[in-house]
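A single structure is presented below for examination.
Coordinate-derived values only; no laboratory data. Model, not experiment: these values are computed from the prediction. Neighbour counts run over all protein chains shown; Cβ positions are idealised from the backbone, glycine included.
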Amino acid sequence: LGSRYNRLRLHVAVPFSQLLRPDIASIRFMATNAPLLGEKKVGHSKASIFYGADEYLQELKKKYEHDHEIAALKNLLPGEADPNAAGVAASQDKMLKVEKNNENRSLKTNRLFPTANKPDPMPQNLAFLFTKITPEQMIYMWNVLTAIFVTQVLMILGYCAALATFPEHWWSCTLCFGIPFSYIAIQQIYIDHDVMHGATFPVYDFQKFLTHPFADFFSLPWEEFVLEHNRHHASTVDLLIQGEFGWDPEEFHYALQQWAGPFSTNWYKYILTVPWIPVIHFFGLNDTGSLFALEWWMHFPDEGAGGKC
């Protein structure tokens with residue numbers, strides 16, 4: 001055994017005891033310094049289903065260059081602009097800029113356009129509020145949104161199967177389907193909103209058709225939805241003053257809440273206006289509704305010569 005052990009030590013670089021019970025460091029050393037498949041890194045092809053974070057960022061910058069209107073509006077918002085859209089120049093179109101004078105003040109209220117009050121130095125307990133979203137988090141958000149769409153489709157198929165199997169229990173089947181579906185539909189629009197702000201463009205092009213297909217009979221496509229909502233934020237930086245820095249596509253919603261004036265002296269007027277808010281939502285005057293889509297298309301893009309698009 002001794003002679004075999006000595007001959008073995010002539011051919012290996014680690015002690016015999018480590019060969020019998022190798023530790024993690026030894027495995028890592030051997031694995032990283034002696035790759036079996038060589039050093040060449042193979043990237044994803046265009047037909048690949050899965051993309052990495054770096055590739056997603058590269059595609060994101062290209063999409064901002066293509067959909068420059070979205071980049072222009074996002075760069076108008078108070079605070080730090082999206083770094084992936086930094087290479088896109090500002091637009092002079094009326095719908096893609098804020099309305100303010102040469103002193104950077106609102107034409108409506110004469111208030112200065114706000115700037116983000118970012119603490120410096122940054123307290124440790126507030127740092128997470130100002131942390132930029134990572135590419136991995138962007139991909140995760142789109143995966144969650146896609147999973148919600150798949151769940152909705154499966155729920156509809158399950159409802160059909162339940163009705164076919166238990167036709168005499170229509171109410172039971174409908175309530176068991178309708179209540180959870182209403183909940184998940186509400187969660188979908190919340191996540192739509194967060195994805196639109198934090199991860200504007202989908203990882204794969206097909207995902208933009210999964211964002212709100214059950215919202216209405218027809219509605220804004222994903223890119224237009226992103227445009228109109230960023231137009232809302234660029235125009236209304238204070239929810240108590242709608243359209244302070246330009247036209248806000250959501251002004252009519254808030255008019256029903258604000259038209260009457262101070263509640264203490266005009267409470268009876270609110271009785272006439274506030275109950276209409278869920279009604280207009282039901283008929284499609286919301287971000288993903290049909291009436292809202294018509295309203296947006298009546299304003300965007302800016303009219304050309306002779307009223308042409």
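Quote to one decimal, in nm, the extra length available between W297 and F218 on full extension: 0.36 nm per residue of separation minus the C-alpha distance between them.
Values: separation 79, 0.36 × 79 = 28.44 nm, distance 1.28 nm.
Length gained, W297 through F218: 27.2 nm.
Using the structure shown, select from K100/K269; K63/K208; K63/K100; K94/K132 the pairs with a Cα to Cα distance greater than 21 angstrom.
Details: K100/K269 32 Å; K63/K208 13 Å; K63/K100 29 Å; K94/K132 29 Å.
Cα-Cα > 21 Å for K100/K269; K63/K100; K94/K132; rest within.
Separate question: Which net charge results for the neighbourhood of H281, defined as the other residues with beta-carbon distances under 13 angstrom from its beta-carbon, given Lys and Arg at +1 and Asp and Glu at -1? Display every interim value, and only then the final one.
Numbers: positive: none; negative: D216, E250, D287.
Counting the neighbours of H281, the net charge comes to -3.
Say each of H193 and F130 gets a label point 7 Å from the Cα, pointing the same way as Cα to Cβ; how far apart are those two points in nm?
For the pair H193/F130, the computed spacing is 2.5 nm.
Using 0.36 nm times the number of residues separating S172 and I156, minus their current alpha carbon distance, what extension gain do you get?
Numbers: separation 16, 0.36 × 16 = 5.76 nm, distance 1.48 nm.
Length gained, S172 through I156: 4.3 nm.
Moving on to the next point. Given the C-alpha centroids of the range 234-248 and the range 72-118, what is the distance between them in whole angstrom?
A separation of 12 Å, based on Cα centres.
Same structure, new question: Using per-residue counts of other Cβ atoms within 10 Å, averaged over each peptide, order 269-275, 183-189 from highest down.
Working: 269-275: 12.4, 183-189: 14.3.
Result, highest mean Cβ count within 10 Å first: 183-189, 269-275.
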